Amino acid sequence: MSRACAEIKLSAITQNLKLIKSRTPADVLAVVKADAYGHGLIPVSKALEEAGADWFGTALLEEAISLRKAGILKPIISWLTPLGEDFKSAIDLDIDLGIPSIDLLNEVIKAASLSGKTARIHLEVDTGMSRGGVLSEWDQLIKTVLAAVNLKQIKVIGIWSHFARADEPDELMNQEQLSLFEQKVDHAKAAGIDAEFIHIANSAALFTNKNAHRNIIRSGIALYGLSPDVKNIGDSLSLGLKPAMKLKAKLNLVKDVKAGSSVGYGGTAVLDSDTKLGVVALGYADGIPRNTNNLAGVFVAKKRAPIIGRVSMDQFVVDLGITSTAKTGDEVIVFGDGSGGEYTVDEWAKAANTINYEIITRIGPRVPRIYSRE
Ligand SMILES: *Cc1c(COP(=O)(O)O)cnc(C)c1O
């Protein structure tokens, strides 16, 4: 390792897939958007396909195209495509498209005519998140769909929606979203659109809402070994998930610093006793959150060393403690699965006042990903 790296345990990801599959009879769609939540789109997807993932899902079309070009054969859905995308390439490559609006459907229909192939689509219902999806124009959407189905321009493979609060299983909104979803699915069916796949559940709903499983679970965070919500659903360990990413870095420098010295920009931290500080070669340009309190840090020389002062662009400082045996050049663990005493992604999320999803997806491209299969 030179400066820093993220070790990705592919076996953890495939074990998480097995655990998810054991919890549901539904197909599992591996959500690999955002570079597989920062774990690396292609290596992760190849390992998952080999381990039995039934579907793949990405936000962006270019992510889906990369998957096909890398040889992924399973069905792939791309669900966040702006108007004007290259839908013809999507159709030519057998990429399923999420349909969040009538305008987008019309573009896909045009692209299908150009391609000469039937486009595979999944109609998105807005069941209450008020983000993507059709609600008030549903009837109009169905009419447009029927006309294009008759012309074999499109085939409705699925109807889907997304929960706003699946990580809060007691919220009534989950039930409301599910009923509205059912209504729209029934309406489509009555109109003659009998989609084979109905999907609304994410990782949180996998664990908390069996009633919502239908026939595809779209799972992201659980595949990477993290809990959708530590407070309401439990942590990785209690769910049987294995965190797959271990972030490591080097100490660029270890030095003795006197009581009274301030640390970092803004002088926000002042040492109240003599100590040893370590400079870690990772910063907010690598995705380390700038505003992280001292409840996160690194593990080095068999001890936790908390962050002190503000995180800089390329480095941050940790308080090693006066008795630390750490020295310049030592490797530190920024986060891992916690089994060796290191901080976890969940601890980092708490310290930065965010969620574990953000901690892993923001680790930047300057940090090389190293893959292991054991
Ligand atoms: C990101 C995403 C998911 C996966 O959610 P997790 O909470 O990570 O399981 C599922 N469906 C859609 C539409 C998404 O955008």
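Here is how the numbers come out for the structure above:
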{"quantity": "Charge dipole magnitude, Cβ of K and R +1, D and E -1 - the chain, Cα centre, debye nearest 20", "calculated": "1000"}
{"quantity": "Using alpha-carbon coordinates, inclination of helix 138-150 to the longest axis of the chain, degrees", "calculated": "70"}
{"quantity": "Accessible area per residue, Å², the chain with all protein chains present, probe 1.4 Å", "calculated": "43"}
{"quantity": "Relative contact order, percent, the chain [alpha-carbon distance under 8 Å, six or more residues apart]", "calculated": "18"}
{"quantity": "Positive-end residue, the chain charge dipole about Cα centroid, Cβ charges, pick of Tyr284, Thr208, Phe181", "calculated": "Tyr284"}
{"quantity": "Cα centroid of segment 1-56 to Cα centroid of segment 221-268, whole Å", "calculated": "21"}
{"quantity": "11 Å beta-carbon shell around Lys255, net charge (K/R +1, D/E -1)", "calculated": "+2"}
{"quantity": "Inter-label distance for Thr118 and Glu196, nm, one decimal - labels placed 7 Å from Cα along Cα-to-Cβ", "calculated": "1.0"}
{"quantity": "Dipole in debye (nearest 20) - segment 263-374, about Cα centre, beta carbon charges: Lys, Arg +1; Asp, Glu -1", "calculated": "140"}
{"quantity": "Segment 96-195, relative contact order in percent, only Cα pairs under 8 angstrom and at least six apart counted", "calculated": "28"}
{"quantity": "Percent of Cα-Cα distances greater than 30 Å, calculated over the chain", "calculated": "45"}
{"quantity": "Estimated FRET transfer efficiency (Glu137, Lys189; beta-carbon r; R0 25 Å; 0.05)", "calculated": "0.85"}
{"quantity": "Listed residues Leu237, Ser273, Met313: farthest to the positive end of the dipole of segment 227-374 (Cβ charges)", "calculated": "Met313"}
{"quantity": "Set of segment 287-308 residues, backbone N closer than 19 Å to the point 7 Å along the Cα-Cβ line of Leu253", "calculated": "298, 306-308"}
{"quantity": "Order by protection proxy (mean Cβ within 10 Å, highest first), peptides 62-68, 215-221, 267-273", "calculated": "215-221, 62-68, 267-273"}
{"quantity": "Modelled label reach - Thr328, point 7 Å along Cα→Cβ, segment 273-290 residues with backbone N closer than 16 Å", "calculated": "276-281"}
{"quantity": "Share, in percent, of DSSP beta bridges within the chain that are antiparallel, nearest 5", "calculated": "45"}
{"quantity": "Percent carbon-and-sulfur accessible area, segment 142-279, ignoring ligands, DNA and RNA, probe 1.4 Å", "calculated": "49"}
{"quantity": "Rounded to the nearest 20 debye, dipole of segment 1-109 from Cβ charges on Lys, Arg, Asp, Glu", "calculated": "600"}
{"quantity": "Tally of Lys pairs whose C-alpha atoms are under 28 Å apart, taken over segment 16-146, 8 or more apart or cross-chain", "calculated": "29"}
{"quantity": "Proximal lysines relative to Lys255, as straight alpha-carbon distance under 27 Å, when same-chain residues fewer than 8 apart are discounted", "calculated": "Lys246, Lys276, Lys302, Lys303, Lys327"}
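The values are calculated or read from the model by the stated rules, or taken from the named source; none is laboratory data. Note that the structure is predicted; figures quoted are calculated from it, not measured. Neighbour counts run over all protein chains shown; Cβ positions are idealised from the backbone, glycine included. In case anyone asks, the SASA skips ligands and DNA or RNA and just uses the protein heavy atoms, side chains included. Shrake-Rupley method; radii C 1.70, N 1.55, O 1.52, S 1.80 Å.
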